[in-house]
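Here is the structure we will look at, set down as structure tokens.
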Amino acid sequence: MPSHDMTALADASAAASTVGSEWWRSAVIYQIYPRSFADASGDGIGDLPGVTTHLDDLKQLGVDAIWLSPFMTSPQKDAGYDVADYCDVDPLFGTLGDFDDMLEAAHARGIRVIVDLVPNHSSDQHVWFQEALAAAPGSAERARYMFRDGKGENGELPPNNWESVFGGDAWTRVTEADGTPGQWYLHLFDTSQPDFDWSNEVVRAEFRRILRFWLDRGTDGFRVDVAHGLVKEAGLPDYTPDPESGSMGGDEADVPYWGQPGVHEVYRDWHGVLAEYDGDRALCAEAWLPTIEKTALWVRPDEMHQAFNFEYLETAWDAAKLRAVITESLRAYPAVGAPSTWVLSNHDVVRHASRLALTAENPQGFGIGPNSPGTPIADVGLRRARAATSVMLALPGSAYLYQGEELGLPEVIDISDDARQDPTWFRTKGERYGRDGCRVPLPWDATGPAYGFSPDGASWLPQPAEWATFARDVQVDDPASTLSLYRALLAERRARDLGVSALEWVDGLGDDVIAFHNGNVTVIANLGETPIAIPAGTVIVTSERLTGDTLPVDTTVWLERH
Ligand code: GLC
């Protein structure tokens, strides 16, 4: 194992380690989706050496940590969220040595590294699942997954009516070793992603081992995939989801596979494992639950440290609704001793530079494509995205950015059917476009091969021609670019300690306005349809150029507080 140069990290968090000052309470964490970030090997799929190459760019951007979506050994049926070996790197992304090099280089720059852990399910190529298929019903090998006998005279019907999040049945029938049709196994996602049985202590012990494997290498924390799904209600009762609800079922209460109380025991156990290590290692829950109040249960003092604030992500561009969700977040998370987090984009949702300009007839839940109604107007979306991020980065707590949003990238809508890769697209037979539109490889260089993504010009999803105008190299020296805006926001947020300060609402500027003080900054965002007068004052940063003393529509300004 390499010895890490931890000096930069120690400097970055000199005050940490006392309760309340841990780095994750206020960190800005940048999500890297490795296959679309930067490709060093030239095969058209991003990799870990590609990440290492661009760490200086991330340092210059001003983020505190990176979270990498899965790069472990995987047949890539769900872009790596189907893990076949939790303790190795898939050759597509490099080697364990490449991971160690990347982590060391990140730490040397004061950037922490969070790894994505997928505990709800493995790949069907995982050695445990292969052993389960070869073993008999009732065996210890089968007991690590959710195998059940089917219903009907000959077991020909699935054990219950659950549907996969990606569409279709959540059960698949296996053929037994003697060639006869056999038991069924549960997969809340793709057929290739069998769910573990978390009531089995063997599964729990294995994940403690996996946590320690990455913690021993110096990993600063874990983003925990489908953290609300591990434990299923006893008896596996039938359940029919509301077809209008989000694909992760987050809008509904009492789902027999989401948010079961028993899941909290697992995270109390993991909290103890992380606490054995120095450096304030952290767990962040991907848990889609119906209310902020419920999500806060995941971050009680002896459980996880953070949970994604998806309620914030899902809030429309509406001042009253945003004020309400911010108020509730700053009440509910601190009430259990945790920071609120903030997030606007990730690899599962429509990029916010497009989503914020969607119309009511075009819900964002299942992705957008060429035949979706109400194509978002690009200029409106980008303008709102810049204003929305300028609000988010002024809020106390920890914020998540998704790669490419600092370039103002929109969702790519025009991907041809034959280029699509998301299992959602295939499992719903094209009814839902899925998530490919937010996963298109990044443009680094307007004139380079694959816009600087890959040395030979290859790209696993096609990049649109407009990528040239969004490329990092055309933005980096342009003070009006989205990249320059993000850099200014992050620098001021850090310099003014906004992540750890307290928010105070400012009233009287109108219903369509969000206005608050945080530390020595006054933030005003105009979400209405006409410009508003703003108080005289020194402008720190503004999401659009200001002319005169009014704030245009869809614009946010940070002023020196008086
Ligand atoms: C999470 C991931 C998503 C993945 C799913 C199944 O929601 O963010 O990308 O498809 O879990 O692992």
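Treating the angle as unsigned and between 0 and 90°, give the value, to the nearest 10°, between the Cα long axis of helix 96-108 and the longest Cα principal axis of the chain. Taking the Cα atoms of the chain, the angle to 96-108 is about 30 degrees. Accessible surface of the range 127-186, 1.4 Å probe: 52 percent of it comes from carbon and sulfur atoms. Think of a 1.4 Å ball rolled over the protein heavy atoms: the range 127-186 then has 48 Å² of accessible area per residue. Heavy-atom accessible area for ARG427, with the other protein chains in place and a 1.4 Å probe, reaches approximately 50 Å².
Each residue of the range 75-84 was assigned a 3J(HN,Hα) from its phi angle through the Karplus curve 6.51 cos²θ - 1.76 cosθ + 1.60 (θ = phi - 60°); the sequence is x, 6, 6, 10, 6, x, 7, 10, 9, 9 Hz, with glycine and proline shown as x. Taking every protein chain into account, the accessible area of the range 503-560 amounts to 46 square angstrom per residue (probe 1.4 Å). Only helices enter the 222 nm calculation for the chain: every DSSP H run of n ≥ 4 contributes -39,500 (n - 2.57), and dividing by all residues gives -7000 deg cm²/dmol, rounded to 500. Equivalent ellipsoid of the range 503-560: semi-axes from √(5λ) of the C-alpha gyration tensor, largest first, are 16, 14, 9 Å. Ligands, DNA and RNA left out, the 1.4 Å accessible surface of the range 503-560 is 48% carbon and sulfur atoms. Loop-located GluC sites (Glu not before Pro) in the range 368-476 (DSSP state not H, G, I, E or B) with no more than 16 neighbouring Cβ atoms inside 10 Å: GLU431, GLU466.
Counting only aspartates and glutamates at least 8 places from LYS321 when in the same chain, those with an alpha carbon closer than 13 Å to its own are GLU311, ASP511, ASP512. Protein-only accessible surface at a 1.4 angstrom probe places the residues TRP558, TRP128 in the order TRP128, TRP558, largest first. Ordering ASP473, ASP78 by accessible surface, largest first, gives ASP473, ASP78; the 1.4 Å probe counts only protein heavy atoms, with every chain in place.
Given a 1.4 angstrom probe, I'd like the percentage of the accessible area of the range 275-407 that is carbon and sulfur, rounded to a whole number.
Ligands and nucleic acids excluded, carbon and sulfur give 57 percent.
LYS232 contributes about 30 Å² of solvent-accessible surface, heavy atoms of the protein only, 1.4 Å probe. Between the amide H of THR555 and those of ASN526, distances stay under 5 Å, these residues lying 5 or more places away or on another chain, with hydrogens modeled in the peptide plane. The alpha-carbon atoms of the range 329-474 define a convex hull whose volume equals 136 cubic angstrom per residue. The lysines whose alpha-carbon is closer than 22 Å to the alpha-carbon of LYS151, local same-chain residues fewer than 8 away aside, are LYS232. Taking all protein chains as shown and a probe of 1.4 angstrom, THR172 keeps an accessible surface of around 30 Å². Rolling a 1.4 Å probe over the protein heavy atoms gives the range 250-304 an accessible area of 37 Å² per residue.
With both partners inside the chain, how many of the DSSP beta bridges are antiparallel, as a percent to the nearest 5?
The antiparallel proportion sits near 55 percent.
With r as the distance between the Cβ atoms of ALA205 and ALA495 and R0 = 56 Å, compute the FRET efficiency 1/(1 + (r/R0)^6) and round to 0.05. Between ALA495 and ALA205 the formula returns 0.80. So how tilted is helix 378-392 from the main axis of the chain? Cα-based, degrees 0 to 90, rounded to 10. Taking Cα atoms only, the helix is inclined about 90 degrees. A straight Cα-to-Cα reach below 19 Å connects LYS429 with the aspartates and glutamates ASP78, GLU163, ASP169, ASP190, GLU244, ASP348, ASP414, ASP417, ASP418, residues fewer than 8 places away in its own chain not being considered. In terms of its Cα atoms, the chain spans 80, 54, 51 Å along the principal axes, sorted from long to short. Taking the longest Cα principal axis of the chain as reference, the axis of helix 319-335 is set at about 60 degrees. Taken over the range 127-186, the convex hull of the Cα atoms encloses 86 Å³ per residue.
The values are calculated or read from the model by the stated rules, or taken from the named source; none is laboratory data. Remember, predicted model here, so these are calculated numbers, not experimental data. Glycine also receives a Cβ, built like all others from the backbone with ideal geometry; neighbour counts cover every protein chain displayed. Note: accessible area is taken over every heavy atom of the protein model, side chains too, but ligands, DNA and RNA are not part of it. Shrake-Rupley method; radii C 1.70, N 1.55, O 1.52, S 1.80 Å.
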